[in-house]
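> Quick one: structure below, then a few questions.
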C-alpha cells in the first residue's frame, strides 16, 4: 500500500442521497399487506400487585388481538445481562409504564381508545424513587439489598495519605437523568410463520442483542429468528437495549395473530417508558499537598439503575474507571454502586457513566484549585497523567500523550488568559456576568477490560460477481457514519475507489456478529477487523494471479473471475486480543481500554442576573482522537456531542413524579435549538493508535463528557459561587445565589430577591 | 370511522392535483404519508415542536402534524419529494450532503424544507438569521453547525 487516498478524506456519506431526498426508509415508512398495529398497555403505578384486569365497554374487543404474559412461548424476560426484566408483567409491577398487555388492531386509530378502556386494579406496594431511599433500604425492591452491582478499585494505600495532606477537599456532586431524544421514536415490525420463524425489522443499534432476546422469549433456535435493522433516526445509546423489548412485544402479537404487526411509539410513550441516562451521585474526598499535588483520594460513585438490572452494571463500570479522569492518583479508592428504584430502568446514553463521574471530578478539580489557591489551569497541570504513569486501574499509559501541551493549545484557541482577566474586570459592574471554564478529560474506547475478548467480534468482506466488494458487519448506521467509514477503510486497504465498496444492511441472516454498535468501538475495533478482512481478500486475489500494482479495473476483473470460478470470495476476520493486555475482573485492575482519547474543552458563558439564564458564548473542543478518518463526520460527532452536553448541563431536566417522567413531551423537556448554541469550534490532534483501523480511536462518546463540567465551571467563575448539580436551570442558580449571598451581596440586583 | 363524516378534499401536492376522501380533521401529515405514500415527511413529536413534519403550504412553512386536512383544501403543498425532479438534488440537498448537514437523516427532510423557506424569504441570510430561521426544527445529531454551514453554502451558491 502506498499513500492513503481515502482515509482522511471526507467522501460522501453512503446513504446520504437517500436521506436528503426523503427516500431513506425508516421503520414507520414501511407497511406490509394485512399488517396490524400494536400497542402496549402499561402500569400506572410504581409498584404493586395486579389484582384484576377488566376490558371495559364500548370497544369491539373481538376485533383485537390481546397478548398477556401467559402467551409467551419461551421465558418471560428481555435477555441482556441478568434475566430479571419481564417482557410483560406477570403479577407484580415494579415501575410506572411497565408493559402489562399488548393489543393489536388493523386500524391504528382504534388503539388509543382501547388502551383507555382497559382497567387495572392494583394492590399497591410502597415504592422508592431516589438513591438515598434505595440506600436506606426501607423497602427492598430488588434482590437482597437493592444493589445491582458494586465495584471496588484500590491503588496504593489511601488510608496513609490523610495525615500528610495539607488540604483535604470534600464535596458531593449530582447529575440528573437525561433523555436521549433521538428524533425518530422507537418502532418495530414483526412477522411470523411456522417455517421461517420470526422476522423483525426495526430501529435499533444492536441486531444480535435483539436476536438473542427473541430466541429466548419465543423459544426458537438461532436460524428461526431474523433481525433486520431499518434506517435508524438517531439512537445515542437509547436504542441499545429497549428495542429488544419492543421486538419481543411485536413478535408476540405476530405469533398470536399470524399477521405482521407494527409497534410504533409516540413521543410521550418513548420518553416516559424507555431508558434514560442514569442519575448519579459522586462524593469526593481528596488529599492534596500545599503545592497542589493530589496525594490520594476516595471516590464514592452511585448510579440509580431504576427497577431492573439491564445495563447498569456496565454503565457503572465505565463511570467507575473514568472517575479518576486524566490525572495521576498515587493512591485511590473508588467504591461504586448501582442501586434499584421504582423508576423505568435507566440505560445506555452516549458516554455511559463517564459523563456523570467526570462531571463530578472536573468540578472537584476547580474546588481543589480554590482551596489550594491555584488557578483551574495550574491545578490540572500539576496532576495530569503522563506517559509511563498508571491510571487508577494501574494501566500504564503507553501513548505519547502530553495533556500539558494540549491544554496550552486549548487555552490559546479560547484566548483564555485575556478573557479571564477581561471578565474579572467587567464583572464588577452590570447585571451580565461572564465566566470561562475548562474541563480536561479522557475517554476509553471499546468494551471495558475483557469485554472485547468475550465479544470476539467477526466481520466479513466479500467479492461480488461484478468484481465490486461488500462489507458485512452487524454494526449499525444511525447517523455517525458507520457505513461510510467502514467502506472507506475497506477501499483504502484494497486500494480501490470508494464507490466500488458497498456495505450490507445489518440483517442477522446475512451479516456476522461484529458486536453491538456502542462504546465508541465501531471505527476502532470493527474498523480494524474490516481492514484485516479486506487485507485477506486482497491476499487471496494476489495468490490467484492478480498483480501487486493492480488498477481498479484489474481488481474488478480478477475478483469477478474468482467468484465465477469458485462460487464465492469471502474473507473473515475475528477479534484477537492484542498481546500483553491484562485485566482482572475481580480486582478491577489492569488495561481497562485499548486506547483513550484525550480532550480539553473550554466554555465561555454569560449569566444574566435579571433572568438567571445562561448563554454559552463560545465553545472550544480540542481533542486527540488518533487518526481522523473522515474529517467532516468526525467534526459532526463532536459538535453533536457538545450540543447534547450543553443540554445535559443547562436545559434537560426530567421531572419525576412517583417514578414517572412528568414532562415526557418536547414541549416541556427542552433540548437545545439552533438558536441556543454557540459556535462550537472543533480542533483535532492526531497521535495515532496501533489498535485502531489506520490509527483511529473511538470518538463518539468523548464529546459528551466535557461540556457540562466546562460550562458549570464557567458559571462558577462568572458568579463566584460553586454549583455541584446538573441540570443547572435558571431557577437553580437563582435559589443558590439568593439563598447563599448576604443581603448586601453585590451579585443580585435590587428588586430581584 | 363513520362514512357520513368523510369529505372530498382537493389540494395540490408537489404540483399534482389530489382529491382525497377523508375526515376533515385528519392530519395533513397522515394524508401525505399514508394516502399519498410521500413518506419523506416524518413525524417526530406530533405536537408541532420538532419540525420533522415541516412542509410548505401556500409558501408558508407549516408543521403538517398540526394541519387538519380541511385547512389544506385548495392549498399548494410542497414536500421533500417535490424539491427536485427524479433522482436529482437541488442546491440545498446537495449542500446538506457536501457539508455534513444530514447525520441520522430523520430531521433532514423537515430541516431542508425550513431552509428552503428561509432562503425563499432571505436569499443571503446572515449566520444569525440562519440559526433563527431553523430554530423551529430540532436536530439531535449535529449540534446544527454543519446544517448552518450547508444552508450558508447553498445561499452562496457553493454547493456541488
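> Restricting attention to the range A:272-284, report how many residues are assigned to a helix (DSSP H, G or I) and surrounded by fewer than 24 Cβ atoms within 10 Å (Cβ to Cβ). Please lay out each step first, then the result.
In the first step, residues of the range A:272-284 are kept if they are assigned to a helix (DSSP H, G or I); the result is A:272-273.
Subsequent filtering for residues that are surrounded by fewer than 24 Cβ atoms within 10 Å (Cβ to Cβ) retains A:272.
Total satisfying the criteria: 1.
> Shifting gears a bit: What are the residues in the range A:49-81 that are closer than 24 Å to residue A:128 by Cβ and at pLDDT below 95, if any?
A:80, A:81
> If you don't mind, there's one more thing I want to ask. Please work out which one of (1) part of a helix (DSSP H, G or I); (2) out of contact with any helix residue (DSSP H, G or I) (no Cβ under 8 Å at 6 or more places or on another chain); (3) within 30 Å of residue A:196 (Cα to Cα) is the condition residue A:259 fails and give its number.
Only one criterion is unmet by residue A:259, namely (1).
> Among the residues of the range A:230-251, which ones are within 14 Å of chain B (Cβ to nearest Cβ), in contact with a strand residue (DSSP E or B) (Cβ under 8 Å, 6 or more places away or on another chain) and under 24 Å from residue A:67 (Cβ atoms)?
Step one: of the range A:230-251, the residues within 14 Å of chain B (Cβ to nearest Cβ) are A:230-239.
Restricting the remaining residues to those that are in contact with a strand residue (DSSP E or B) (Cβ under 8 Å, 6 or more places away or on another chain) gives A:230-233.
Of everything in the range A:230-251, just one residue is within 14 Å of chain B (Cβ to nearest Cβ), in contact with a strand residue (DSSP E or B) (Cβ under 8 Å, 6 or more places away or on another chain) and under 24 Å from residue A:67 (Cβ atoms), namely A:230.
> What single numbered condition from (1) in a helix (DSSP H, G or I); (2) without any contact (Cβ under 8 Å) to a residue 40 or more places away in the chain fails to hold for residue A:535?
Tallying (1) in a helix (DSSP H, G or I); (2) without any contact (Cβ under 8 Å) to a residue 40 or more places away in the chain, residue A:535 fails exactly one: (2).
> Looking only at the range A:443-487, count how many residues are within 14 Å of chain B (Cβ to nearest Cβ), over 21 Å from residue A:210 (Cα atoms) and touching a helix residue (DSSP H, G or I) at 6+ places or on another chain (Cβ under 6 Å).
Qualifying residue count, the range A:443-487: 2.
> Next up: Is at least one residue of the range A:488-499 farther than 29 Å from residue A:20 by Cα, in contact with a helix residue (DSSP H, G or I) (Cβ under 6 Å, 6 or more places away or on another chain) and either without any contact (Cβ under 8 Å) to a residue 40 or more places away in the chain or not in a helix (DSSP H, G or I) (or both)?
There is no residue in the range A:488-499 that is farther than 29 Å from residue A:20 by Cα, in contact with a helix residue (DSSP H, G or I) (Cβ under 6 Å, 6 or more places away or on another chain) and either without any contact (Cβ under 8 Å) to a residue 40 or more places away in the chain or not in a helix (DSSP H, G or I) (or both).
> Considering only residues that are outside any helix (DSSP H, G or I) and either on the phi > 0 side of the Ramachandran plot or within 11 Å of chain B (Cβ to nearest Cβ) (or both), which ones fall in the range A:653-675?
Within the range A:653-675, the first condition is being outside any helix (DSSP H, G or I), and the residues that meet it are A:653-673.
Once the filter is applied, which keeps residues that are outside any helix (DSSP H, G or I) and either on the phi > 0 side of the Ramachandran plot or within 11 Å of chain B (Cβ to nearest Cβ) (or both), the range A:653-675 yields A:658, A:659, A:664, A:665, A:666, A:667, A:668, A:669, A:670, A:671, A:672, A:673.
> Looking at the range A:12-25 only, could you name the residues that are touching a strand residue (DSSP E or B) at 6+ places or on another chain (Cβ under 7 Å) and buried (at least 23 other Cβ atoms within 10 Å of the Cβ)?
A:24
> For the range A:432-480, which fully contained strands (runs of 3 or more DSSP E) count at least 3 residues that are under 27 Å from residue A:495 (Cβ atoms), in contact (Cβ under 8 Å) with a residue 24 or more places away in the chain and in contact with a strand residue (DSSP E or B) (Cβ under 6 Å, 6 or more places away or on another chain)? Reasoning before the result, please.
Numbers: elements: A:432-445, A:458-463, A:469-472.
In the range A:432-480, the matching strands (runs of 3 or more DSSP E) lie at A:458-463, A:469-472.
> Residues in the range A:586-606: is at least one surrounded by fewer than 24 Cβ atoms within 10 Å (Cβ to Cβ) and touching a helix residue (DSSP H, G or I) at 6+ places or on another chain (Cβ under 6 Å)?
There is no residue in the range A:586-606 that is surrounded by fewer than 24 Cβ atoms within 10 Å (Cβ to Cβ) and touching a helix residue (DSSP H, G or I) at 6+ places or on another chain (Cβ under 6 Å).
> Sticking with this one: Please specify each residue of the range B:12-44 satisfying the condition of being part of a loop (DSSP other than H, G, I, E, B), within 13 Å of another protein chain (Cβ to nearest Cβ) and at negative phi. Walk me through how you get there before you give the answer.
Residues of the range B:12-44 part of a loop (DSSP other than H, G, I, E, B): B:14-15, B:23-26, B:36-44.
Okay, now just the ones that are also within 13 Å of another protein chain (Cβ to nearest Cβ), so B:14, B:23, B:25-26, B:36-44.
Within the range B:12-44, B:23, B:25, B:26, B:36, B:38, B:39, B:40, B:41, B:42, B:43, B:44 qualify.
> Based on what the data block shows, is residue A:135 more than 14 Å from chain B (Cβ to nearest Cβ), over 23 Å from residue A:478 (Cβ atoms) and part of a strand (DSSP E or B)? Steps first, answer last, please.
Working: more than 14 Å from chain B (Cβ to nearest Cβ): yes; over 23 Å from residue A:478 (Cβ atoms): yes; part of a strand (DSSP E or B): no.
So residue A:135 fails the test.
> Given the residues B:150, B:102, B:154, which is the only one that is away from chain A (no Cβ under 11 Å), surrounded by 22 or more Cβ atoms within 10 Å (Cβ to Cβ) and modelled with pLDDT of 95 or more?
Values: B:150 fails: away from chain A (no Cβ under 11 Å); B:102 fails: away from chain A (no Cβ under 11 Å).
It is B:154.
> Residue under question is residue A:514, and the condition is that it be within 25 Å of residue A:597 (Cβ to Cβ), at pLDDT below 95, surrounded by 23 or more Cβ atoms within 10 Å (Cβ to Cβ) and touching a helix residue (DSSP H, G or I) at 6+ places or on another chain (Cβ under 8 Å); does it hold? So that I can check it myself, show each step before the final result.
Details: within 25 Å of residue A:597 (Cβ to Cβ): yes; at pLDDT below 95: no; surrounded by 23 or more Cβ atoms within 10 Å (Cβ to Cβ): yes; touching a helix residue (DSSP H, G or I) at 6+ places or on another chain (Cβ under 8 Å): yes.
So residue A:514 does not fit the description; no.
> So which of A:678, A:709 is over 30 Å from residue B:51 (Cα atoms) and either touching a residue at least 60 places away in the same chain (Cβ under 8 Å) or surrounded by fewer than 20 Cβ atoms within 10 Å (Cβ to Cβ) (or both)? It would help to see each step written out before you state the result.
Values: A:678 fails: over 30 Å from residue B:51 (Cα atoms).
After applying the criteria, what remains is A:709.
> Considering only residues of the range B:119-146 that are under 15 Å from the mean Cα position of the chain (by Cα) and within 11 Å of chain A (Cβ to nearest Cβ), which is nearest to residue B:102 (Cα to Cα)?
The initial filter retains those residues of the range B:119-146 that are under 15 Å from the mean Cα position of the chain (by Cα), namely B:119-120, B:133-139.
Checking which are within 11 Å of chain A (Cβ to nearest Cβ) leaves us with B:133-139.
Numbers: B:133: 17, B:134: 14, B:135: 16, B:136: 17, B:137: 13, B:138: 12, B:139: 9 Å.
So, considering only residues that are under 15 Å from the mean Cα position of the chain (by Cα) and within 11 Å of chain A (Cβ to nearest Cβ), the one nearest to residue B:102 (Cα to Cα) is B:139.
> Keeping to the range A:68-102, report how many residues are surrounded by fewer than 24 Cβ atoms within 10 Å (Cβ to Cβ) and assigned to a strand (DSSP E or B).
4
> Identify, from the list A:386, A:425, the residue that is closer than 26 Å to residue A:581 by Cβ and surrounded by fewer than 20 Cβ atoms within 10 Å (Cβ to Cβ).
Working: A:425 fails: closer than 26 Å to residue A:581 by Cβ.
When all the criteria are applied, what remains is A:386.
> Hey, another quick one. If only one of A:179, A:184 is out of contact with any strand residue (DSSP E or B) (no Cβ under 7 Å at 6 or more places or on another chain) and surrounded by 23 or more Cβ atoms within 10 Å (Cβ to Cβ), which one is it?
Numbers: A:184 fails: out of contact with any strand residue (DSSP E or B) (no Cβ under 7 Å at 6 or more places or on another chain).
After applying the criteria, what remains is A:179.
> When the residues of the range A:294-303 are filtered to those that are closer than 16 Å to residue A:280 by Cβ and buried (at least 24 other Cβ atoms within 10 Å of the Cβ), which remaining residue is nearest to the chain's Cα centre (by Cα)?
Taking the range A:294-303 as the starting set, the residues that turn out to be closer than 16 Å to residue A:280 by Cβ are A:299-303.
Next cut, buried (at least 24 other Cβ atoms within 10 Å of the Cβ) only: A:299, A:301-303.
Values: A:299: 23, A:301: 18, A:302: 18, A:303: 15 Å.
It comes out as A:303.
> Which residues, taken from the range A:192-210, are touching a helix residue (DSSP H, G or I) at 6+ places or on another chain (Cβ under 8 Å) and either under 10 Å from residue A:251 (Cβ atoms) or surrounded by 20 or more Cβ atoms within 10 Å (Cβ to Cβ) (or both)?
Of the residues in the range A:192-210, the ones touching a helix residue (DSSP H, G or I) at 6+ places or on another chain (Cβ under 8 Å) are A:192, A:196-198, A:200-206, A:209-210.
The answer is A:192, A:197, A:198, A:200, A:201, A:202, A:203, A:204, A:205, A:206, A:209, A:210.
> May I ask you to verify whether residue A:647 is within 13 Å of another protein chain (Cβ to nearest Cβ), within 18 Å of the chain's Cα centre (by Cα) and crowded, with 20+ Cβ neighbours inside 10 Å? Walk me through it before giving the result.
On the way: within 13 Å of another protein chain (Cβ to nearest Cβ): yes; within 18 Å of the chain's Cα centre (by Cα): yes; crowded, with 20+ Cβ neighbours inside 10 Å: yes.
Criteria met by residue A:647.
> Given (1) in contact with a helix residue (DSSP H, G or I) (Cβ under 6 Å, 6 or more places away or on another chain); (2) closer than 23 Å to residue A:237 by Cβ, where does residue A:342 come up short, assuming only one miss?
Among (1) in contact with a helix residue (DSSP H, G or I) (Cβ under 6 Å, 6 or more places away or on another chain); (2) closer than 23 Å to residue A:237 by Cβ, residue A:342 violates only (1).
> Then there's this: Looking at the range B:45-76, which of its residues are within 12 Å of another protein chain (Cβ to nearest Cβ) and more than 10 Å from the chain's Cα centre (by Cα)?
Pass one, the range B:45-76, residues within 12 Å of another protein chain (Cβ to nearest Cβ): B:45-55, B:63, B:65.
B:45, B:46, B:47, B:48, B:49, B:50, B:65 - these are the residues of the range B:45-76 that are within 12 Å of another protein chain (Cβ to nearest Cβ) and more than 10 Å from the chain's Cα centre (by Cα).
> While we're on this one: Looking at the structure I just gave you, is residue A:334 closer than 16 Å to residue A:596 by Cα and crowded, with 19+ Cβ neighbours inside 10 Å?
Numbers: closer than 16 Å to residue A:596 by Cα: no; crowded, with 19+ Cβ neighbours inside 10 Å: yes.
In short, no.
The values are calculated or read from the model by the stated rules, or taken from the named source; none is laboratory data. Because the structure is predicted, anything quoted here is derived from the model rather than measured. Positions of Cβ are backbone-derived with ideal geometry, glycine not excepted, and every protein chain shown enters the neighbour counts.
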